[in-house]
Amino acid sequence: MIEQMDNTKFYSQGLKFSCKKCSTCCRYDSGFVFLSEDDLDKLISSLRITKKNIIDTYCRWVTDWKGDEVLSLKEKFNKDCVLWDNGCIVYKARPAQCVTFPFWESTVASEAAWEMTATGCPGINTGELYSKEAIEEILELRASQPIINRSKKAGSSL
């Protein structure tokens, strides 16, 4: 029964995506890049600064849809990601949210959501075919790295 339900996913035959390196997903539009502890560790290693300096310089606390305070990257005044400067300054250490784009839960929730995302991303529906299994592995990668939540970490050093 579960397998039959999985087969009803619109991406059961896979989806095509090939990054065109246009940086549209990093620039021009307001949004949030939520960070996990793994993401912070990678940024510390890449930028070679302390966790406090990364949070103070590159991050902000925002309220999510549940009312919790979660950690997100800042944006520049022009809405570019704070880590974008003629390309991602931490490309090899970029957050999981960036690595997994466009295979986000919200984007693959329906064919309409996928096609809506495609209107702003020239790489969607072109290039490499990602199988249903590969897509679900990508979704699991993001789900396995919880976003840093200050509301649930009372007394935390964050």
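Only one entry of Lys74, Lys66, Lys79, Lys132 meets the criterion of being touching a helix residue (DSSP H, G or I) at 6+ places or on another chain (Cβ under 9 Å), more than 20 Å from Leu43 (Cβ to Cβ) and of a type in the set (Lys, Arg), and that entry is Lys132. Output yes when any residue across region 109-119 is surrounded by 17 or more Cβ atoms within 10 Å (Cβ to Cβ), of a type outside the set (D, E, K, R), modelled with pLDDT of 95 or more and in contact with a helix residue (DSSP H, G or I) (Cβ under 9 Å, 6 or more places away or on another chain), and no when none is. For region 109-119, residues surrounded by 17 or more Cβ atoms within 10 Å (Cβ to Cβ), of a type outside the set (D, E, K, R), modelled with pLDDT of 95 or more and in contact with a helix residue (DSSP H, G or I) (Cβ under 9 Å, 6 or more places away or on another chain): absent.
Of all the numbered requirements in (1) open to solvent by 50 Å² or more (accessible area, probe 1.4 Å); (2) within 29 Å of Gly123 (Cα to Cα), Ser36 misses one, and that requirement is (1).
The single condition among (1) surrounded by fewer than 13 Cβ atoms within 10 Å (Cβ to Cβ); (2) of a type outside the set (A, V, I, L, M); (3) modelled with pLDDT of 95 or more; (4) touching a helix residue (DSSP H, G or I) at 6+ places or on another chain (Cβ under 8 Å) that Ser46 does not satisfy is (1). Residue pairs whose Cβ atoms lie under 7 Å apart, sitting 6 or more positions apart in sequence or on different chains, and linking a residue in region 94-107 that is of a type in the set (Ser, Thr, Tyr) to a partner that is at pLDDT 95 or above and part of a helix (DSSP H, G or I), are Thr100/Ile138; Ser106/Ala113; Thr107/Ala113; Thr107/Trp114; Thr107/Thr117.
If you go through region 71-108 and keep only what is closer than 28 Å to Ser151 by Cα, assigned to a loop (DSSP other than H, G, I, E, B) and open to solvent by 40 Å² or more (accessible area, probe 1.4 Å), you end up with Lys74, Lys76, Phe77, Lys79, Arg94, Trp104, Glu105, Ser106. Going through (1) free of Cβ contacts under 8 Å to residues at least 24 places away in the same chain; (2) touching a Leu at 6+ places or on another chain (Cβ under 9 Å); (3) of a type in the set (D, E, K, R) one by one, Asp56 falls short only on (2). Restricting attention to region 21-33 and to residues that are open to solvent by less than 50 Å² (accessible area, probe 1.4 Å) and in contact with a helix residue (DSSP H, G or I) (Cβ under 9 Å, 6 or more places away or on another chain), the residue that is modelled with the lowest pLDDT turns out to be Gly31. Pairing residues of region 127-142 that are on the phi > 0 side of the Ramachandran plot with residues that are open to solvent by 50 Å² or more (accessible area, probe 1.4 Å), at Cβ distances under 9 Å and at least 6 apart in sequence or on separate chains, gives Gly127/Lys16; Gly127/Cys19; Gly127/Lys20. Does Leu129 satisfy being open to solvent by 50 Å² or more (accessible area, probe 1.4 Å), at pLDDT below 95 and either touching a Pro at 6+ places or on another chain (Cβ under 7 Å) or not in a loop (DSSP other than H, G, I, E, B) (or both)? For Leu129, the condition - open to solvent by 50 Å² or more (accessible area, probe 1.4 Å), at pLDDT below 95 and either touching a Pro at 6+ places or on another chain (Cβ under 7 Å) or not in a loop (DSSP other than H, G, I, E, B) (or both) - is not met. Out of the residues in region 3-56 that are under 21 Å from Phe103 (Cβ atoms), aliphatic (A, V, I, L, M) and not in a loop (DSSP other than H, G, I, E, B), which is nearest to the chain's Cα centre (by Cα)? Checking each candidate, the answer is Leu15.
The values are calculated or read from the model by the stated rules, or taken from the named source; none is laboratory data. Keep in mind it's a predicted model, so treat the numbers as computed, not measured. When we count neighbours, we look across all protein chains shown, and the Cβ atoms used for this are built from the backbone with ideal geometry, even at glycine. Heads up: the accessible areas ignore ligands, DNA and RNA and are worked out on the full protein's heavy atoms, side chains in. Shrake-Rupley method; radii C 1.70, N 1.55, O 1.52, S 1.80 Å.
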